[in-house]
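Undergrad: Below you will find the structure I want to go over with you.
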Amino acid sequence: MIRGLYSIGLWLASPLLRRKLRKRALAEPGYGLAVPERFGHYTQPPSQGWVWVHAVSLGETRAAAILLAALRRAMPDMRLLLTHGTATGRAEGQSLLRAGDVQVWQPWDTPGAVQRFVRHFQPRIGILMETEIWPNLLATCQAAGIPVALANARLSPKSLRQAQRLSALSRPAYGALSAVWAQTEADAQRLLQAGTRPPQVLGNLKFDASPNPAQLVTGRAWRHGAGRPVVLLASAREGEELMLLSYLKSFRAVAQQTPAPAAMKIGVMDVQWLIVPRHPQRFDAVAELVQAQGFSLSRRSSWVDAPEPADVWLGDSLGEMALYYGLADLALLGGSFEPLGGQNLIEAAACGCAMVMGPSTFNFAEAAELAEAAGAACRVVGMPEAVAQALAWLNAPQQLAQAAAAGPEFAGAHRGAAQKTAAAVQALLAA
């Protein structure tokens with residue numbers, strides 16, 4: 001009955017979804033592509049036998065890329081059906097396709113749309129990345145005898161509380177999963193409380209990612225040529241850029257009137273600040289914000305052989321985080337200075353870039369704790385403290401070098417989830 005009411009609500013909301021997609025497509029044209037797929041209507045001929053992987057957005061797609069590499073080694077003839085929910089996820093996913101693979105949108109979770117999706121593609125198995133639980137989709141797959149696993153699975157305490165408040169809807173959905181492969185023991189315990197079968201703890205796929213070596217070389221060469229230390233605000237979320245810029249602006253006004261302490265050789269005015277927003281649709285808005293705060297700006301999209309001089313550099317490109325981490329002496333973790341749970345800090349560690357975290361890291365709780373314990377990252381209470389810690393490290397180069405060196409060692413110590421997860425997929429297919 002509860003799922004029936006949920007289904008009616010989604011069906012009534014379908015016109016609103018179409019309107020939202022049209023509006024979002026004005027800023028991100030990708031949302032205007034293949035809209036009928038979202039409602040279970042496809043141009044591809046019906047087929048079957050797919051290994052279906054659902055990666056809703058950019059971060060999940062990057063995790064899926066690591067798993068897919070392991071799956072293709074284990075199952076060279078695998079036919080991939082790749083689904084997404086966001087334009088950035090779909091754009092990133094295009095690079096993962098091989099001849100014969102198919103990429104479509106995730107179906108809107110109405111009974112009709114998910115039934116058409118399942119009938120059309122008849123996947124052998126479904127692999128949902130990290131957090132994606134859709135009641136009708138899971139119920140339909142269960143009824144069709146299609147095993148569905150939650151891979152690289154995580155569940156924060158907040159999300160568990162939300163699931164428990166809606167347990168009449170969420171518990172059957174979690175219970176319909178054929179397997180759950182959790183990142184951490186804490187995630188496994190929360191997923192079990194949400195209603196899953198006992199999870200296996202296989203680790204975090206993102207530890208198995210290897211930084212792009214060419215990007216690292218280029219970034220480090222550019223850092224050497226910058227002439228001053230570079231501090232990166234990595235994968236910044238809305239509100240965090242203004243936090244940083246406002247603080248720098250106020251500090252600049254004070255610095256013009258009061259000399260820096262003699263003990264601090266490197267101050268705010270001596271640093272090259274680099275901001276990389278998490279979402280590409282915000283690149284232009286962040287550029288305008290930088291200039292509105294009175295700072296000169298240079299954008300990555302305009303660089304040819306090296307960064308161009310400016311108060312603030314803007315990393316307005318996709319797929320180049322290794323370049324930005326190579327370019328930076330240290331980084332501030334985006335998503336952690338607003339209550340958003342943080343972003344992936346594992347890539348920064350693997351690149352040898354020391355990290356300063358804000359208070360909110362619940363999306364990467366264990367990785368954040370492990371990085372801090374290893375000395376590859378430190379935690380502060382807010383943006384002013386993050387800037388202060390950045391300056392403290394820059395003025396203590398031996399401490400900064402130790403933190404940077406701890407990163408690759410920490411990241412390498414936790415590899416292996418991709419191979420374990422690929423083996424678990426094969427086992428589930430054979431069951």
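The values are calculated or read from the model by the stated rules, or taken from the named source; none is laboratory data. The model shown is predicted, which means the values in this text are computed figures rather than measured ones. Here the Cβ is made from the backbone with ideal geometry for all residues, glycine too, and neighbour counts use every protein chain on show. Ligands, DNA and RNA are stripped out before the accessible areas are found, and what is left, the full protein with its side chains, is counted by its heavy atoms. Shrake-Rupley method; radii C 1.70, N 1.55, O 1.52, S 1.80 Å.
Undergrad: Can you give me the distance in nm between label points at GLN281 and ASP305, each placed 7 Å from the Cα along the Cα-to-Cβ direction?
TA: Going from the GLN281 label point to the ASP305 one covers 3.9 nm.
Undergrad: Assuming a ≥ b ≥ c are the square roots of the Cα gyration tensor eigenvalues, decide whether segment 126-181 counts as rounded (a/c under 1.5), prolate (otherwise, with a/b larger than b/c) or oblate. Please list the in-between numbers first.
TA: Working: a/c = 2.67, a/b = 1.33, b/c = 2.01.
Oblate, because a/c is 1.5 or more while a/b does not exceed b/c.
Undergrad: Continuing with the same structure: Quick one: Karplus J couplings for segment 89-95, per residue in order, coefficients 6.51, -1.76, 1.60, θ = phi - 60°, nearest Hz, x for Gly and Pro?
TA: After applying 6.51 cos²θ - 1.76 cosθ + 1.60, I find x, 5, 5, 5, x, 4, 6 Hz.
Undergrad: Out of MET129, ALA322, LEU394, whose Cα points farthest toward the positive end of the dipole of the chain (charges: +1 Lys, Arg; -1 Asp, Glu; placed on Cβ)?
TA: Of the listed residues, the answer is MET129.
Undergrad: Two-decimal Rg/Rh of the chain from alpha-carbon positions, Kirkwood Rh? Don't skip to the answer; put the middle values down first.
TA: Details: Rg = 22.8 Å, Rh = 22.9 Å.
Ratio of gyration radius to Kirkwood radius: 0.99.
Undergrad: Rounded if a/c is under 1.5, else prolate if a/b is larger than b/c, else oblate: which is segment 8-49, with a ≥ b ≥ c the root eigenvalues of its Cα gyration tensor? Numbers along the way, then the final one.
TA: Working: a/c = 3.63, a/b = 1.33, b/c = 2.74.
Oblate shape, in that a/c is at least 1.5 and b/c is the bigger or equal ratio.
Undergrad: If you don't mind, another one. Mean 1/r over all different Cα pairs, inverted: what Kirkwood radius does segment 365-430 give, in Å? Can you show the working numbers first?
TA: Details: mean 1/r = 0.0707 Å⁻¹.
Hydrodynamic radius (Kirkwood, Cα only) of segment 365-430 equals 14.1 Å.
Undergrad: Ignoring ligands, DNA and RNA, what accessible area per residue does segment 111-201 give at 1.4 Å, in Å²? Numbers along the way, then the final one.
TA: Values: 3620 Å² over 91 residues.
Per-residue value: 40 Å².
Undergrad: Would you mind checking LYS23/LYS420; LYS20/LYS158; LYS20/LYS249 for any pair whose Cα atoms are more than 32 angstrom apart?
TA: Values: LYS23/LYS420 41 Å; LYS20/LYS158 27 Å; LYS20/LYS249 36 Å.
Pairs exceeding the cut-off: LYS23/LYS420; LYS20/LYS249.
Undergrad: Hey, another quick one. Would you please put 324-335, 308-319, 35-46 in order of how densely packed they are, using the mean number of other Cβ atoms within 10 angstrom per residue and starting with the highest?
TA: Details: 324-335: 26.7, 308-319: 18.4, 35-46: 14.2.
Output ranking for 324-335, 308-319, 35-46: 324-335, 308-319, 35-46.
Undergrad: In addition: What does the convex hull of the Cα atoms of segment 45-128 come to per residue, in Å³, rounded to a whole number?
TA: Values: hull volume 7.4 nm³, N = 84.
Given the Cα convex hull of segment 45-128, per-residue volume reads 88 Å³.
Undergrad: Send over a whole-number figure in Å² for the accessible area per residue of segment 1-40, probe 1.4 Å. Kindly include the intermediate steps, with their values, before the conclusion.
TA: Numbers: 2780 Å² over 40 residues.
Here the per-residue accessible area is 70 Å².
Undergrad: Hey, what's the per residue convex hull volume over the C-alpha atoms of segment 326-366, in cubic angstrom?
TA: 58
Undergrad: Quick check: convex hull over the Cα atoms of segment 311-431, volume per residue in Å³, rounded to an integer? It would help to have the intermediate numbers written out before the result.
TA: Working: hull volume 15.7 nm³, N = 121.
Considering the Cα atoms of segment 311-431, their hull volume per residue is 130 Å³.
Undergrad: Using Cα centres only, tell me the gap between segment 360-377 and segment 113-141 in whole Å.
TA: Taking the Cα centre of segment 113-141 as reference, the centre of segment 360-377 is 33 Å away.
Undergrad: If I take the Cα coordinates of segment 268-356 and project them onto the principal axes, what are the three extents in Å, biggest first?
TA: The Cα atoms of segment 268-356 stretch 30, 30, 27 Å along their principal axes.
Undergrad: Same structure, new question: Efficiency by 1/(1 + (r/R0)^6): what FRET value for SER156 and SER246, r their Cβ-Cβ distance, R0 = 25 Å, to the nearest 0.05? Walk me through the intermediate numbers first.
TA: Details: r = 29 Å, r/R0 = 1.15.
It comes out at approximately 0.30.
Undergrad: Could you give the accessible area per residue of segment 363-431, probe 1.4 Å, as a whole number in Å²? If you can, show how the numbers build up before the last one.
TA: Working: 3210 Å² over 69 residues.
That works out to 47 Å² for each residue.
Undergrad: Counting only protein heavy atoms, what percent of the accessible surface of the chain is carbon or sulfur at a 1.4 Å probe? Don't jump to the answer; show the numbers that get you there.
TA: Numbers: 10370 of 18680 Å².
Roughly 56 percent, rounded to a whole number.
Undergrad: How big is the accessible area of ARG161 in square angstrom, nearest 10, if you roll a 1.4 angstrom probe over the protein chains?
TA: In the full protein context, ARG161 sits at about 130 Å².
Undergrad: For a quick check: with amide H placed at 1.01 Å from N, whose amide H comes under 5 Å from ARG379's, ignoring anything fewer than 5 positions away on the same chain?
TA: Placed amide hydrogens put MET357 under 5 Å from ARG379.
Undergrad: Need one word for segment 223-382: rounded, prolate or oblate. Basis is the Cα gyration tensor (sqrt eigenvalues a ≥ b ≥ c); a/c below 1.5 gives rounded, then a/b vs b/c decides. Write out the running numbers ahead of the final one.
TA: Working: a/c = 1.41, a/b = 1.20, b/c = 1.17.
It comes out rounded by the Cα gyration axes.
Undergrad: Can you give the calculated 222 nm mean residue ellipticity of the chain, where each DSSP H run of n ≥ 4 adds -39,500 (n - 2.57) and the sum is split over every residue, rounded to the nearest 500 deg cm²/dmol?
TA: Working: 17 runs with 204 residues, N = 431.
Mean residue ellipticity, 222 nm, calculated: -14500 deg cm²/dmol.
Undergrad: Next up: What is the mean projected area of the alpha carbon convex hull for segment 37-195, to one decimal in square nanometres?
TA: Details: hull surface 35.5 nm².
Convex hull of Cα atoms, orientation-averaged projection: 8.9 nm².
Undergrad: Compute the whole-percent fraction of alpha carbon pairs in segment 108-230 spaced more than 26 Å apart. The partial results should precede the final answer.
TA: Numbers: 2843 of 7503 pairs.
Value for segment 108-230: 38 percent of Cα pairs lie more than 26 Å apart.
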